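Read the structure below first, then the notes.
The values are calculated or read from the model by the stated rules, or taken from the named source; none is laboratory data. Bear in mind that the values here come from a model prediction, so they are computed numbers and not experimental data. Here the Cβ positions follow ideal geometry from the backbone for every residue, glycine too, while neighbour counts run over all protein chains shown. Accessible surface areas use protein heavy atoms only, side chains included; no ligands, DNA or RNA. Shrake-Rupley method; radii C 1.70, N 1.55, O 1.52, S 1.80 Å.
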Amino acid sequence: MSKRFSTLDTTRLLFDHPKILFRMIERMDRNETRYIRESDLVAEVMDYTSALGKADRDRVRLALTTDNLFRGGLIIDIIKAEGERRLVFQDALINLMRACNASLYQELTDARLRGHLVTLRDVRNRLETSSFSDADPDYTELRDDLNERVSQLIGLLRQNVLRMQTISAQLADLSGDASRAPEKYLEFRQNLFEQIVNLYERHIKPTLVFLNPDTRLPDGSNLFETLEAIVRLLETHGDLSLADQLFRSSLSLNALYKPIQAVAQEVEHFLRKTRQGMVQYNAMEHFYGQLQALKGETETLSLRRKWLEGGDFARSTGFLVGLRAQQRPKHYAFGNSSSYYQLLFSELELRLNDLRRKAEVPVLQEVDGSGRHTRIDVKRINQLYQWLETLELRPTTDLVRELHGRLDGFIPGYRFPDLLAALNRLVNSPPEGMQVVTTNRFRTLEQSSDSEQFVYRKRRLETDAPDNQQERQHA
């Protein structure tokens, strides 16, 4: 009697050596079939185990024979067609292997999505004639079926979102030839365009339509209208717990729309890239994939592997060369230099002087609305000019913001036109020994009292050079 492995031992070996089934599932998806050819499985097992030790090689080859897999229930059917044997694996095993590798998640097609929608519509129609009694086995079975189908739909869509979020790596693989064959770029771009358009039209767009609550379908209600009808039926007949559960499920489904929409925008943006942009995109994704692999090595059961082993990566890429020679950025705190404290005390002294001169501050008459009142405006400006003559100022890199801080909240009735008047006065008649320098940099001010914004050209107040002072005196 030949040696046999139990279902548990065989499954354990499959997950100890997952690359075998990973490659088989990739080939199955590429050929768009629901079976694996026995010859392909045997060849893959022989190729994979050739690098193993004798004991492991014998165990894996014996466990993955067709007879052992079929007796263990992992293969549910063997089809003989066209002179070959085709193996149909358990859906639970294939789905579990897909869950272990995000790249194997299957994109939902329009046919599969409509199949789920038709099933939910059928459940809604059956609920309309149901007894809604826990003593009725037909109703309890229908309720369990409803829970199972909604949970399965949410799980499939979440897997689809995760699969679509890894589309950056797929786009990098498709664009790899752009950096190697620039002379064939136009031909490459056409082929790439066809592949991505097929991905967008067959997988991304149907999912967006399916999860859009505003979609109008010619054959009946959309997903959210169907779920709302089921929730209303359950609430009407007193099954509030199930109604509340379905309502939360509909919210979860609605939340999946935005990440898929972001993926669609990424695909559209990628199609607009130039060749240089594709090369840069591909390079970033390549090195990002290397870092992801290093991170994956830390996600094991070993508690010792908790840091990235990135030494070889840093030396091979040159990204981090010379980083240790750079000084670390200094955090913002009170400094130890004398100039720092001189600047601080100077600012405090100016503010204290403003407070001491509080009695000298002019009370500017309010101007209602945006209308012009010549007499009042002239009076305001004259009062402001008189006060500016006694105002102490120090050199600053932003004179406009400095004036705004000295006027706002200090002078009653202050508004931006007063700031303009004060600024024009200082530009035309700067304080003695100082000059105003206008730059081409723009800044924005906001007034706390209202939502007004003031966009201004940055001006510096500097100490006037002796040569400039002599030229003014001669003039």
Sparse-neighbour loop sites [trypsin sites (Lys or Arg not before Pro); segment 6-99; at most 15 other C-beta within 10 Å; DSSP]: Arg34
Neighbour cut-off at most 11 other Cβ (10 Å), DSSP loop, GluC sites (Glu not before Pro), segment 3-99: Glu32, Glu82
Entries in Lys19/Lys306; Lys19/Lys295; Lys54/Lys295; Lys19/Lys80; Lys19/Lys54 that, when Cα-Cα distance is taken, lie over 29 Å: Lys54/Lys295
Calculated P(r) tail over 15 Å for segment 93-154, as whole % of Cα pairs: 62
Solvent-accessible surface (1.4 angstrom probe) belonging to Thr298, in square angstrom, nearest 10: 30
